[in-house]
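The values are calculated or read from the model by the stated rules, or taken from the named source; none is laboratory data. Please read all numbers here as calculations on a predicted model, not as lab measurements. Methodologically, a virtual Cβ is constructed for each residue, glycine included, from the backbone with ideal geometry; neighbour enumeration extends over all protein chains shown.
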Amino acid sequence: MDKKLEVELTEGSEYKITSLGGRDSMLETEGTFKGFMSIGVDEVGLLMELGKKHDKMAGKIRIVPLHVILAIDVLEAKPNLKKNSDKETSHYVG
């Protein structure tokens, strides 16, 4: 085990997410990962463009809150093209 396996969610990759749905149900979301989104003050969700499996909802965006995710299956991974661009210094002007 000399190689360190680096796994990260990358935009454009295909995932199947199993999350908590209603009271006693699970929700499956299959599609393309589009990024992260803040929900309220301290909650984050995944932006998923729904795939063909979702019939009439295909192409729509679903926000899956992180706290309800049970499993993420990687169907097709894309490389992280933004890795080097994040090294820019950001500034806050108040």
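Determine the pairs where a residue that is in contact (Cβ under 8 Å) with a residue 40 or more places away in the chain, located within region 64-76, has a partner that is of a type in the set (Phe, Trp, Tyr) with Cβ atoms under 8 Å apart, the partner being 6 or more residues away or on another chain. Filtered contacts from region 64-76: Ile72/Tyr15; Asp73/Tyr15; Val74/Tyr15; Leu75/Tyr15.
Residues in region 9-64 that are among the basic types (Lys, Arg) and under 16 Å from the mean Cα position of the chain (by Cα): Lys16, Lys34, Lys60, Arg62. Among the residues making up region 28-43, those that are aliphatic (A, V, I, L, M) and either assigned to a strand (DSSP E or B) or at pLDDT 95 or above (or both) are Met37, Ile39.
Evaluation of Asn80 against the conditions (1) out of contact with any helix residue (DSSP H, G or I) (no Cβ under 9 Å at 6 or more places or on another chain); (2) at pLDDT 85 or above; (3) not charged (D, E, K, R) shows that the sole unmet condition is (2). Any idea which residue in region 9-43 is surrounded by the most Cβ atoms within 10 Å (Cβ to Cβ), counting only those that are touching a residue at least 60 places away in the same chain (Cβ under 8 Å) and hydroxyl-bearing (Ser, Thr, Tyr)? The selected residue is Tyr15. When the residues of region 44-72 are filtered to those that are part of a strand (DSSP E or B) and not hydrophobic (A, V, I, L, M, F, W, C), the one that is nearest to Gly21 (Cα to Cα) is Pro65.
Please work out if Glu11 is in a loop (DSSP other than H, G, I, E, B), of a type in the set (D, E, K, R) and either modelled with pLDDT of 95 or more or touching a strand residue (DSSP E or B) at 6+ places or on another chain (Cβ under 9 Å) (or both).
So Glu11 fits the description; yes.
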